[in-house]
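What follows is a short report on a single structure.
The values are calculated or read from the model by the stated rules, or taken from the named source; none is laboratory data. All values derive from a computational prediction rather than experimental measurement. All Cβ positions, glycine included, derive from the backbone under ideal geometry; neighbour counts span all protein chains shown. Accessible surface areas use protein heavy atoms only, side chains included; no ligands, DNA or RNA. Shrake-Rupley method; radii C 1.70, N 1.55, O 1.52, S 1.80 Å.
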Amino acid sequence: MRLAGSRGVFWVLGLVLMSGLTTVARAQTDYPFRNTSLSDSARIQDLLGRLTLDEKVSLMSDHPKFPRLGIVFSGQVEGLHGLALGGPGGWGGRGRQPVPTTTFPQEKGLGATWDPDLLKKIASLEGYEARYYYQNPVFDRGGVVVRAPNADLSRDPRWGRTEESLGEDPYLVGTLTVAFVQGLQGPDPKHWQASSLMKHFLANENEDGRTHTSSDFDERLFREYYSVPFRMGFEEGGSRAVMASYNAWNGIPMTVNPVLKNVMIKEWGNDGLICTDGGALGLLITAHKAFPDKEHGSAAAVKAGINHFLDTYKPDLTKALKDGLLTEADMDAALKNLLTVYLKLGEMDPPGVDPYAKIGVETGGEIPPWERDSSKALARQATDESIVLLKNEGNTLPLDKTKLKTIAVIGPWIDQVLQDWYSGTWPYSVTILDGIRQAAGANVKLLFADGSNLEEAASLAKKADVAIVVVGNHPVCNAGWDQCPVPSNGKEDVDRKTIVLEQEELVKKVFAANPKTIEVLRSSFPYAIVWSQQNVPAIVHMTHNSQEEGHGLADVLFGDYSPAGRLTQTWPTGDAQLLPILDYNLLDGRTYLYSKEKPLYPFGYGLSYTTFDYKGVSPSSSHMDADGSVQVHVKVKNTGKRASDEVVQMYVQHEGSAVTRPQLELKGFKRVRLEAGAEKDVTMELKARDLAYWDAPGHVWRVEREKVRVLAGGSSDKLPVQTTVDVTGTKDYKP
């Protein structure tokens, strides 16, 4: 879809419409809630005092409007890997045509970049596009409360929504979450470009039975694992919005769980928006059986801290107020937090105050953000950085197109960029087939087939100098809402039944016909591709969805980009290594933190077209106070012939802790660029407080007097340099 030809018409129409809106807005500047010289609290209290009780009930809905006060508040939009105003989920709005937005790899792929700076840029563009569509009078679409990022941890590869998770490690996911939040909201402490609404709090990591199951684990795991990315998003990122999950924690549904108020609000400072998931109010009654009706459920939710319902709720909440289950004071306590978000978005300001108010309005004939070369380049960079090289025997990759006459590209959907449920609609898309064709050039003949006929696939592979076989899942299972006919596929509402790849039979057939076979695993999840790892000479992994999918893959296959993506989740060897999916106790052997099993591919794993030598790790001091920190210096050299990124990873091990600790914990990482032969001193900070464990009886974070081993390298299973740091004292930190 192209809009450039209509840009001038849009601009003129925008001026006309905005002149009317500005007149209305100026008429309202006499209200104290618009007076920016007053404190935020005073402005919010003034507005609350002007709303009727019915209006306060309505304020908890999506995109509420109060014409008598000249107020329209933003609705919510999806944005896990680009703003979604279209796509398979129909996020463009009921009865409205989808509109284009810059679209990136799935969140699992964004995590594989291990690049917080990149995620910050992606989120910043997404926030800008959200403003552009929301404020442009021609479009008037969406909103600036963006449901992203997903801060859930992917502890089990069978989880149907693994594609939405940045990874299994709390420090990695927390760091990337902070970057995404900061990118969406922008650097202005008083005004946000968009509001980052993290989801789904908490431990929403199984799809089968998610509306009624309970994720059960102790307070230590809550503090040290499941809640970490959310806490970091609030405390370090500055998010003030979150979605409560469908499930229960230790038997109490998250929609009414006391942890919302006792921890999220009181400890982490989330004086903002807390919403239900879609239909969650009704599920309190029908699935959790927690209340007799929605009247009682809505009253309990508001008292727990919920101030925004994605459900039908108004008659029930109104009745709860009438029957005394809830007071207006209870409403005000919840709504003052909600209004904090709208105030930060400039929606209570008079004209001329909000620095982001001109986006999409005063366009001056500018190119829309999704059509800009910089946006296309960012999508391509994200795709390049997300690709993980899993195997490269005998330097099969990169391909030298000057030595190739024929390439066979075989596999389902090689002529499509597949979208997941939370995708937007891209302005254009480059398929795998198109990307390879463009990169190979006119002198190389391309043979292709969808792989449905194994004999045809083998015949094509035999005719080619090299065969590229593309396998993996369909992100929406190529089926209805709760249907996934292929057992290894999964999505929202459906967990995977196996991690064994059925399409490996196609790989075997192609490889038998042509030993020079490259496997491209385009997937939303880890797969147990044991046979492929043992036999196929080269394997790369990428996720779905990017508008630059074909270009990114071709960049890696033909050597224009040296891959440096790293896995954010442990890849098991098969189903036998997996625990029951409802076992949320990591200490039973989940993730690289606690598992004793040897995986197919470990956490943090990924190869390169060059080699790196780690020459040493040294702390700025061998001792650290219990409230101090040290700078850890890691020397790394590119010993190969190609420039490439390297992801330098720093882990710790606790020696002699009073409690059970993870066998290895990520505590720092940096993605760095090294030219061939270049050496770099990579510095990461290690804080004593980050070494603390949660003491549940004392309700404190406790730093121990202990010796801590610090290890560094390019993967959790390859840490060639190490040292020790002595923590010289003990200290308790209150949350």
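What are the ³J(HN,Hα) values, in whole Hz, obtained from phi via the Karplus relation 6.51 cos²θ - 1.76 cosθ + 1.60 with θ = phi - 60°, for each residue of the range 131-146 in sequence order, with x given for Gly and Pro?
Rounded to whole hertz, the list is 4, 4, 5, 5, 9, 5, x, 6, 8, 6, 10, x, x, 10, 9, 9.
Checking the cross-link filter: which lysines have an alpha carbon closer than 16 Å to that of residue 266, excluding same-chain neighbours under 8 positions apart?
303, 336, 734
Would you please put 411-424, 350-363, 493-506 in order of how densely packed they are, using the mean number of other Cβ atoms within 10 angstrom per residue and starting with the highest?
Details: 411-424: 22.6, 350-363: 16.9, 493-506: 19.5.
By packing density, highest mean first, the sequence is 411-424, 493-506, 350-363.
Cα atoms only, the range 448-495: Rg and Dmax in Å?
14.6, 43
Using a 1.4 Å probe over the heavy atoms of the protein chains, calculate the carbon and sulfur portion of the accessible area of the range 514-639 as a whole percent.
Working: 1920 of 3980 Å².
Its accessible area is 48 percent carbon and sulfur atoms.
If Rh is defined by the Kirkwood formula over all Cα pairs and Rg also comes from Cα, what ratio Rg/Rh do you get for the range 180-234?
Values: Rg = 14.7 Å, Rh = 13.3 Å.
With Rh from the inverse mean 1/r over Cα pairs, Rg/Rh is 1.10.
Show me the ranking of peptides 396-402, 205-211 by mean Cβ neighbours inside 10 Å, starting with the highest. Write out the running numbers ahead of the final one.
On the way: 396-402: 16.7, 205-211: 20.6.
In decreasing order of mean packing, 396-402, 205-211 become 205-211, 396-402.
So which lysines pass the test for residue 615, namely a Cα distance under 21 Å, with those fewer than 8 places away in the same chain ruled out?
By straight Cα distance, residue 615 reaches 635, 637, 641, 667, 670, 680, 718.
Which cysteines does the chain leave without a neighbouring Cys Cβ under 4.7 Å?
If one checks each Cβ against the other cysteines of the chain, 275 turn up with nothing under 4.7 Å.
If you average 1/r over every pair of different alpha-carbon atoms in the chain and take one over that average, what Kirkwood value in Å do you get? Could you put the intermediate results ahead of the total?
Numbers: mean 1/r = 0.0372 Å⁻¹.
The answer is 26.9 Å.
Measuring from the lowest to the highest alpha carbon on each principal axis, how far does the range 59-110 reach, largest first, in angstroms?
Per principal axis, max minus min of the Cα coordinates gives 45, 24, 16 Å.
Ranking request for peptides 252-262, 574-584, 609-619: highest mean number of other beta-carbon atoms within 10 Å first, then the rest in descending order.
On the way: 252-262: 21.0, 574-584: 15.4, 609-619: 17.4.
Per-residue Cβ counts within 10 Å, averaged per peptide and sorted highest first, yield 252-262, 609-619, 574-584.
Using a 1.4 Å probe on the protein chains only, how many percent of the accessible area of the range 168-311 belongs to carbon and sulfur?
On the way: 2020 of 3780 Å².
Solvent-exposed carbon and sulfur of the range 168-311 make up 53 percent of the total.
Using all C-alpha to C-alpha distances in the range 279-388, build P(r) with 10 Å bins and read off the rounded percent in each one.
P(r) for the range 279-388, in whole percents per bin: 12, 26, 18, 20, 20, 5.
Give me the 1.4 Å probe accessible area per residue for the chain, excluding ligands and nucleic acids, in Å². All intermediate terms of the calculation are to be shown ahead of the outcome.
On the way: 26370 Å² over 735 residues.
That works out to 36 Å² per residue.
Mind checking the full-extension length gain between residue 188 and residue 117? Use 0.36 nm per residue of separation minus the Cα-Cα distance, one decimal, nm.
On the way: separation 71, 0.36 × 71 = 25.56 nm, distance 1.76 nm.
Gain on stretching residue 188 to residue 117: 23.8 nm.
Please express the shape of the range 535-636 as an equivalent ellipsoid: the semi-axes are the square roots of 5 times the eigenvalues of the C-alpha gyration tensor, given largest first in whole angstrom. Each step should come with its number before you reach the end.
Working: eigenvalues 184, 138, 39 Å².
One finds semi-axes of 30, 26, 14 Å for the range 535-636.
Rounded to the nearest 10 Å², what accessible area does residue 139 have for a 1.4 Å probe in the complete protein model?
20 Å²
Please work out, to two decimal places, the log10 of the ratio I(q)/I(0) at q = 0.11 Å⁻¹ from a Debye calculation in which every Cα of the range 50-196 carries one identical scatterer.
Here the Debye-derived log intensity ratios amount to -0.47.
Based on the Cα gyration tensor of the range 124-282, what are the three equivalent ellipsoid semi-axes, each the root of five times an eigenvalue, rounded to whole Å and given largest first?
After diagonalising the Cα gyration tensor, the semi-axes are 26, 17, 15 Å.
Under a Cβ-only charge scheme (Lys and Arg +1, Asp and Glu -1), can you give me the dipole magnitude of the chain about the Cα centre, in debye to the nearest 20?
Working: 80 positive and 92 negative charges, 204 e Å.
Once rounded to the nearest 20, the dipole reads 980 debye.
Determine one quarter of the surface area of the Cα convex hull of the range 670-735, which equals its mean projected area, and express it in nm² to one decimal.
6.3 nm²
Positive end of the dipole of the range 304-435, charges at C-beta (+1 Lys, Arg; -1 Asp, Glu), about the Cα centre: which of 356, 324, 378 has its Cα farthest in that direction?
Projecting each Cα onto the dipole axis, the largest value belongs to 378.
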